Amino acid sequence: MTFSKRSAKTLLALGSALAFSLPMTGIAAAQTSGASIAYAGGWATNGIVNPMPQANGNIVQDGIAYAPLAIYKYTGNYAYWPVLAKSWSVAANGNQVTVHLNPQAKWSNGTPVTANDVYVTFEMQFIAQNAQNWGLTGMKVLNPHTIVFYKNPKYLYSKLFLLQQILNNNNIMPAADFQQFIPKNLWSIVHAASGKTNAASTKAALAKLSKIATTIEGHNFRSPSALIYDGPWSFSRTSSAEQLYVKNPNFVFAKHITATSVLAINQTTNDVSWRALENGQIAYAGVAYSPPVFKAVMKVHQNHFIAAPQSTGMSIMFNEQKYPYNLVQVRQAIAYMINRVAARKVGEPIGSVSVKIPDGLIGADNQQWLTASERASLNRYPFDPSKAAQLLRSVGFKKTSKGWMMPNGKPFVLTLYAEDYSDWDAGLQEIASQLNSLGVKTQSDFMNTTAYYSTTDGVGTGKFPVASRWWGGWNPEPFYTYQQAFISDDHNFTVNNSGQLVPGPKPYVVDAPTSIKVPNLGVVHPQQLTIALEQNISSAIMKSDVYKLAKTYNYWLPAIPVWNQQAGRTYSTAHWIWPNFKANRALLNQFTYQTPFVVYQILGLMHPRP
């Protein structure tokens, strides 16, 4: 169970015409009112009035009605916009974080937001067994507006990541509503739960924490008025189709909030969002499209589509221990044989971009972490069959009238194993066609999710020599993409709390290269460098390490990133003036990681159209 923010999942859809319309109850009224925002962001609720978002459909959206200490910009300088916090500081060793609350922060009933509210919020994170995973050992309230967080100095967790968890990833909940669920002996239970894994006392303590968590998430406060709120809007009412939130006049930045209400329609299917956008009923939705629907939606009501940076996409990943993919020349040759632009146009034509530099970073992060000269030193692997042929011949392959032959005289046959995604299937078939046309006998093997991720013979066991995988780590921090490429996935390693590599269960461990000799760089130790990114190192050292990892990935090619699947979002300018987010990476990032209009309203950057 996780008490942190609900992460909205973008649904991939290939539907066509829409056959029904939404009820016009509050939606039409909200969107036609210049001071209200309607958006597709609700969900099928279970009737429980409770902001804990993992409670299987609880009604109250914490991202609307509750606020964090600060909002992360998701940029390389690790900057934040203050919200409930006025300031904060991190000890040089990263083991202590001190947060000072804004003395003007208040709950919807006018009482101040205090350090005790923050304390109770993070007590619930210990109950959910999340805080332990960040290395936190506890908190201390110094005064009503100051709280200190303490981290285990032996626990591998960067101060940058810890700060993100404390400031951005958890909205502050009211002690007035939730302290009643916290047992007086909580810390003795938490400490007992961190004992030896198989000890009876440890299991008993973990069971107690789980029981407390279930009680918290299952409690029904019944009436919106039974809760108090510290966010921009307070929960007002709900129906089977929508939830209404009204402006909280006591919100710390209430003067910035120009939307007097927010209406969240239940985004149970893509069709619901599509129809609402076509009817001009909503101002924002995170939804994917089939081409016909996309064209219809963008024609009306000043709807616009934005593909925001997102650290993921489709890649061709190699098992570097399987011949001939253990040869870097073969992996590089395949990269030259794939026309990534053509594959993307077939596989993911809306909301994606083809990868320009296959180094493990998306384009925006390349700009952020690498200098111009560093980017220029990387191989872009353009579509170049002649270069591919040169590389294959250098390791004993021969081209005949029957196609490419391996040094043992057998045909070079490549099977692309893949999970059955409709869009990926089309892109992989295009790649297979390209390789076949160049003499590599290629076929695709599309498998259902259960078979593809089987723990006995699925992709994670190292069985497949070549397979399609998500790449990029789903996080803008470089640690995650290189951890995926050099430590987890087909390598089946994890990094323990002390920073040591831990192999997965035998016999399925595939040894990862611990050192790679990279031309014009020297010997690189990718695992060590990746683990270092999670440690407390200087910005200069981190940028140097990221370049070394990017250069190593670009040469070694543990995978070939084909396209970057961006965060496709739709917004309407019919009733609202949005900020110029396209010129500001921090603002643009909010489309990917937050509900953007909430952030823009808090910052005072979004206004109703006259």
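The values are calculated or read from the model by the stated rules, or taken from the named source; none is laboratory data. This one's a predicted model, so the numbers in the text were calculated from it and none came from an experiment. Glycine also receives a Cβ, built like all others from the backbone with ideal geometry; neighbour counts cover every protein chain displayed. With ligands, DNA and RNA removed, areas are computed over all heavy atoms of the protein, side chains included. Shrake-Rupley method; radii C 1.70, N 1.55, O 1.52, S 1.80 Å.
Among the candidates Gln527, Gln535, Gln484, Gln500, single out the residue that is of a type outside the set (Phe, Trp, Tyr), closer than 29 Å to Tyr74 by Cα and touching a helix residue (DSSP H, G or I) at 6+ places or on another chain (Cβ under 7 Å).
Values: Gln535 fails: touching a helix residue (DSSP H, G or I) at 6+ places or on another chain (Cβ under 7 Å); Gln484 fails: touching a helix residue (DSSP H, G or I) at 6+ places or on another chain (Cβ under 7 Å); Gln500 fails: touching a helix residue (DSSP H, G or I) at 6+ places or on another chain (Cβ under 7 Å).
The match here is Gln527.
Contact map, segment 396-422: residues that are at positive phi paired with residues that are open to solvent by less than 30 Å² (accessible area, probe 1.4 Å), Cβ distance under 6 Å, separation 6+ or inter-chain. Pairs shown: Gly403/Gly439.
Residues in segment 73-93 that are part of a strand (DSSP E or B), open to solvent by less than 50 Å² (accessible area, probe 1.4 Å) and either not hydroxyl-bearing (Ser, Thr, Tyr) or not assigned by TED's automatic domain parsing to the domain that holds His145 (or both): 2 in all. For segment 248-270, the candidate set comprises residues that are more than 21 Å from Ala574 (Cα to Cα) and not in a loop (DSSP other than H, G, I, E, B); within that set, the residue that is nearest to the chain's Cα centre (by Cα) is Asn270.
Taking the conditions (1) at pLDDT below 90; (2) in a loop (DSSP other than H, G, I, E, B); (3) under 27 Å from Trp578 (Cα atoms) in turn, Ser240 satisfies each one other than (3). Summed over segment 138-164, the residues that are closer than 23 Å to Leu84 by Cα and over 23 Å from the mean Cα position of the chain (by Cα) give a count of 14.
Name the one entry in Lys106, Lys140, Lys73 that is in contact with an Asp or Glu (Cβ under 8 Å, 6 or more places away or on another chain) and among the charged types (D, E, K, R).
Working: Lys140 fails: in contact with an Asp or Glu (Cβ under 8 Å, 6 or more places away or on another chain); Lys73 fails: in contact with an Asp or Glu (Cβ under 8 Å, 6 or more places away or on another chain).
Among Lys106, Lys140, Lys73, only Lys106 is in contact with an Asp or Glu (Cβ under 8 Å, 6 or more places away or on another chain) and among the charged types (D, E, K, R).
The residues in segment 271-308 that are in contact with a Gly (Cβ under 8 Å, 6 or more places away or on another chain) and part of a loop (DSSP other than H, G, I, E, B) can be counted, and the count is 7. Within segment 310-355, which residues are closer than 23 Å to Pro476 by Cα and polar (S, T, N, Q)? Selection gives Gln310, Ser311, Thr312, Ser315, Ser352, Ser354. Beta carbons closer than 8 Å, at least 6 apart along the sequence or on distinct chains, pair a first residue in segment 525-541 that is within 11 Å of Ile487 (Cβ to Cβ) with a second that is outside any helix (DSSP H, G or I) and modelled with pLDDT of 95 or more for Pro526/Ile516. When Asn536, Asn520, Asn589, Asn564 are screened for being on the phi > 0 side of the Ramachandran plot and either in contact with a strand residue (DSSP E or B) (Cβ under 8 Å, 6 or more places away or on another chain) or open to solvent by 30 Å² or more (accessible area, probe 1.4 Å) (or both), only Asn520 passes.
Across segment 135-149, a minimum of one residue is classified as assigned to a loop (DSSP other than H, G, I, E, B), of a type outside the set (Ser, Thr, Tyr) and open to solvent by 20 Å² or more (accessible area, probe 1.4 Å). Could you please let me know if Trp471 is in contact with a strand residue (DSSP E or B) (Cβ under 7 Å, 6 or more places away or on another chain) and either at pLDDT 90 or above or closer than 30 Å to Lys154 by Cα (or both)? So Trp471 passes the test.
Scanning segment 531-577 for residues that are in a helix (DSSP H, G or I), modelled with pLDDT under 95 and either in contact with a Lys or Arg (Cβ under 7 Å, 6 or more places away or on another chain) or polar (S, T, N, Q) (or both) yields a count of 1. Of the candidates Ser261, Ser273, Ser240, the single residue that is touching a Ser or Thr at 6+ places or on another chain (Cβ under 9 Å), open to solvent by 50 Å² or more (accessible area, probe 1.4 Å), of a type in the set (S, T, N, Q) and in the same structural domain as Leu603 (by TED's automatic domain parsing) is Ser240. Could you run through segment 309-341 and say how many residues are open to solvent by 30 Å² or more (accessible area, probe 1.4 Å) and in a helix (DSSP H, G or I)? Residues meeting the conditions: 2.
Those residues that are among the β-branched types (Val, Ile, Thr) and either in contact with a Pro (Cβ under 6 Å, 6 or more places away or on another chain) or not assigned by TED's automatic domain parsing to the domain that holds Ser433 (or both), I need them from segment 317-341; list them, please. Before you say what the answer is, go through the steps one by one.
Of segment 317-341, the ones among the β-branched types (Val, Ile, Thr) are 328, 330, 334, 338, 341.
Within segment 317-341, Val330 is the sole residue that qualifies.
The residues of segment 499-530 that are at pLDDT 90 or above and either in contact with a Pro (Cβ under 8 Å, 6 or more places away or on another chain) or of a type outside the set (A, V, I, L, M, F, W, C) (or both), listed by number, are Ser515, Ile516, Lys517, Pro519, Asn520, Gly522, His525, Pro526, Gln527, Gln528, Thr530. Suppose we keep only residues that are in a helix (DSSP H, G or I) and open to solvent by less than 40 Å² (accessible area, probe 1.4 Å) within segment 193-217. Which one would you say is nearest to Asp62 (Cα to Cα)? Ranking the qualifying residues of segment 193-217, first place goes to Glu217. The set of residues from segment 166-180 being part of a helix (DSSP H, G or I), in contact (Cβ under 8 Å) with a residue 40 or more places away in the chain and not β-branched (Val, Ile, Thr) comprises Leu167, Ala175, Ala176, Asp177, Phe178, Gln179.
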